[in-house]
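Q: Okay, handing you the structure first.
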Amino acid sequence: MKLYITAPSPFARKCRIVAREKGVPVEEVFVDPYANAPELLASNPVIQVPSLIADDGLPINDSPVICEYLDAIGSGPRLLPDAGAERLRVRRIETTADGLLEMGVKLVLEKRRPEHERSPSWMERWTANMHRALDALEAADLSADDVHIGVLTAGVALTWIGFRHPDFDWSTGRPRLVALQAALEARPSFRETFPS
């Protein structure tokens, strides 16, 4: 299997972590989406990472779908419950953490625009959304002792926000998230995929 990634992508990191947690060997291929990397374009028409090419040649795109696939074929405890209320709970945490990341990515892209083209009102809205998502994750009382895809995604989001937005204070008043991030970053799957 090949997983097309960029080193700083939090969505790619999420898949890399799941592959390690589930013991699924994948070849990580670094690509440049902004250069329209032909191998990435062949697997994903919108040229985004991550993109997984399964052993049968099937392209799988979007980190939640890739992670669900890796979870299903890997070994060990399931990271996404099969059904019912627990599956919905885990998915809700995952989508909140993914939403936090999406707001952060929008801010990164907006800051790359020339200053006179930036939208202060959108940047303010995305920043407020990030705070609300963080508050919701803090209230969810997540634990590194209960590892599932929602917890892993939250850990990825916390580290990436600190990496890409060092002036954004995500930790003050959120002791549970601080503890969660510290515990997760001590795991081998997190240490091996730290953003650069």
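Where a number appears in this text, it was derived from the coordinates with a stated rule and is not lab data. Predicted model only: the values in this text are computed from it and were never measured. Using ideal geometry, Cβ is built from the backbone for each residue, glycine included, and neighbour counts are taken over all protein chains shown.
Q: Magnitude of the Cβ-charge dipole of the range 84-191, K/R +1 and D/E -1, about the Cα centre, nearest 20 debye? Before the final figure, lay out the partial values.
A: Numbers: 16 positive and 16 negative charges, 48 e Å.
Here the size comes out at about 240 debye.
Q: Taking the Cβ of LYS111 as the center, what net charge do the other residues with Cβ under 10 Å away carry, scoring Lys and Arg +1 and Asp and Glu -1?
A: On the way: positive: LYS106, ARG112, ARG113, ARG118, ARG164; negative: GLU110, GLU115.
Neighbourhood net charge equals +3.
Q: Right, here's the next one. Figure the gain on full extension for VAL65 and SER121 (residue separation times 0.36 nm, minus the Cα-Cα span) and round it to one decimal in nm.
A: Numbers: separation 56, 0.36 × 56 = 20.16 nm, distance 3.22 nm.
Result: 16.9 nm gained on full extension.
Q: What list do you get for LYS14, LYS106, LYS111 if you sort them by fewest beta carbons within 10 Å? Working shown, then result.
A: Details: LYS14 27, LYS106 17, LYS111 12.
Listed from fewest to most nearby Cβ atoms, that is LYS111, LYS106, LYS14.
Q: Hey, another quick one. Express the relative contact order of the range 84-191 as a whole percentage, based on alpha carbon pairs under 8 Å and six or more residues apart in sequence.
A: Details: 93 pairs, mean separation 35.6, N = 108.
Result for the range 84-191 is 33 percent.
Q: Roughly speaking, what is the centre-to-centre gap between the range 160-195 and the range 103-157 when only Cα atoms are used, to the nearest Å?
A: If you average the Cα positions of each part, the centres end up 12 Å apart.
Q: At a 10 Å Cβ-Cβ cut-off, how would you order ARG187, ARG16, ARG112, ARG118, fewest neighbours first? If you can, show how the numbers build up before the last one.
A: Numbers: ARG187 17, ARG16 22, ARG112 9, ARG118 13.
The order, fewest Cβ neighbours first, is ARG112, ARG118, ARG187, ARG16.
Q: Another question, if that's okay. So for the chain, Kirkwood radius off the Cα pairs, Stokes-Einstein at 20 °C and 1.002 mPa s: how many µm² s⁻¹?
A: On the way: Rh = 17.3 Å.
After rounding, the answer is 124 µm²/s.
Q: Could you tell me which residue out of PRO195, PHE168, THR96 lies farthest along the dipole of the chain toward its positive end? Charges go on the beta carbon: Lys and Arg +1, Asp and Glu -1, centred on the Cα centre.
A: PHE168
Q: Which net charge results when you count Lys and Arg as +1 and Asp and Glu as -1 among the other residues whose beta-carbon is under 14 Å from that of ILE93? Show your work: numbers first, answer last.
A: On the way: positive: LYS14, ARG87, ARG89, ARG91, ARG92, ARG176; negative: GLU86, GLU94, ASP98, ASP135, GLU138, ASP141, ASP146.
Net charge around ILE93: -1.
Q: To continue, here is another question. Add +1 for every Lys or Arg and -1 for every Asp or Glu among the other residues with Cβ under 14 Å from the Cβ of GLY84, and state the total.
A: Details: positive: ARG78, ARG87, ARG89, ARG91, ARG92; negative: ASP82, GLU86.
Around GLY84, the surrounding residues sum to +3.
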